[in-house]
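First the structure, in the form of structure tokens, and then the observations on it.
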Amino acid sequence: MLSDAKLKEKDDEIERLNKTIANLKTEIEALQKPVEHRREEKKFRWDIVFGIIAAISIVLNIWHPSGTTKNPDPSDSTASTRKTSQVTKTNIPMLNGYHEGISIDGGIYTGDLKDGKRNGSGKFEWDINEVYFTYEGSWIDDQRTGLGKQVEIDKTKGAQDEYEGAWLNNKYHGKGEWKHSDGDRYVGDWKDGKKDGKGIYYYNDGDKYDGEWKNDKRHGIGSYYNKALNTNTKWVWEDGKQVQRVK
């Protein structure tokens, strides 16, 4: 049996151990607090960064609070297979330079931009009902102006028409060549989207008109070649009709 002195010595040792354990707990808690503070600080900073990104994205209309990106223009039937930047005509920022896959005016544009408008060279693809259009060429302030080629494909018939030449404000204007899916072809002058000036029209049956045009009709002096009769006669034309033969 331990003496009173020994018991007191053991009690003192236990008390010292308890104090040591308490001091260790205090030191551990002191060490943990800066770590937790740093974690909270780090989390807080990421919250700030995410908030800034979200705010910018909402302003640019490329992110929705629900966490989903804006869908491509539904009128673009090929949007699911083409890479787009989800920028529309109504909210397109003042972009400059070359850009790919801009969703604009119901179609997809790849090319040069100036102040948010198509300016320079670029390719535009769009659909109207069952007809697929593609234009590649010059642009001025969102208008097809300059030299360019446009192809129209009727997806129900598999027919293809095309025009290559000069443009002004989205219309054929100047020198250009037009090809129809039935085989007809015209090479010559255009004005406001109509044959006007001098040009040659090649018919799919082998006939040919070479002469003057006005408002999409033969008008002025022109010669007509009839393949079936193997004749080539020159006439004065008015509003698409022969008026007087020229010898």
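Derivation of every value follows stated rules applied to the coordinates shown; laboratory data play no part. Being a predicted model, the structure only gives us computed values, none of them experimental. Glycine gets a Cβ as well: all are built from the backbone with ideal geometry, and neighbour counts include every protein chain shown.
Determine if the range 216-235 includes at least one residue that is hydrophobic (A, V, I, L, M, F, W, C), touching a residue at least 12 places away in the same chain (Cβ under 8 Å), in contact with an Asp or Glu (Cβ under 7 Å, 6 or more places away or on another chain) and part of a strand (DSSP E or B). Yes, the conditions are met somewhere in the range 216-235. One residue stands out among those in the range 102-133 that are free of Cβ contacts under 8 Å to residues at least 24 places away in the same chain and of a type in the set (Gly, Ala, Ser): the one that is farthest from Gln160 (Cα to Cα), which is Gly120.
In this structure, Glu238 qualifies as surrounded by 14 or more Cβ atoms within 10 Å (Cβ to Cβ), acidic (Asp, Glu) and more than 21 Å from Gly122 (Cβ to Cβ). Might you check whether a residue that is out of contact with any Phe, Trp or Tyr (no Cβ under 8 Å at 6 or more places or on another chain), part of a strand (DSSP E or B) and more than 25 Å from Glu130 (Cα to Cα) occurs anywhere in the range 169-185? Within the range 169-185, not a single residue is out of contact with any Phe, Trp or Tyr (no Cβ under 8 Å at 6 or more places or on another chain), part of a strand (DSSP E or B) and more than 25 Å from Glu130 (Cα to Cα). Based on this model, can you work out whether Glu212 counts as within 26 Å of Ser121 (Cβ to Cβ) and of a type outside the set (Ser, Thr, Tyr)? No: the conditions fail for Glu212. Considering the range 147-168, the residues that are within 17 Å of Glu125 (Cβ to Cβ) and basic (Lys, Arg) include one that is surrounded by the most Cβ atoms within 10 Å (Cβ to Cβ), namely Lys149.
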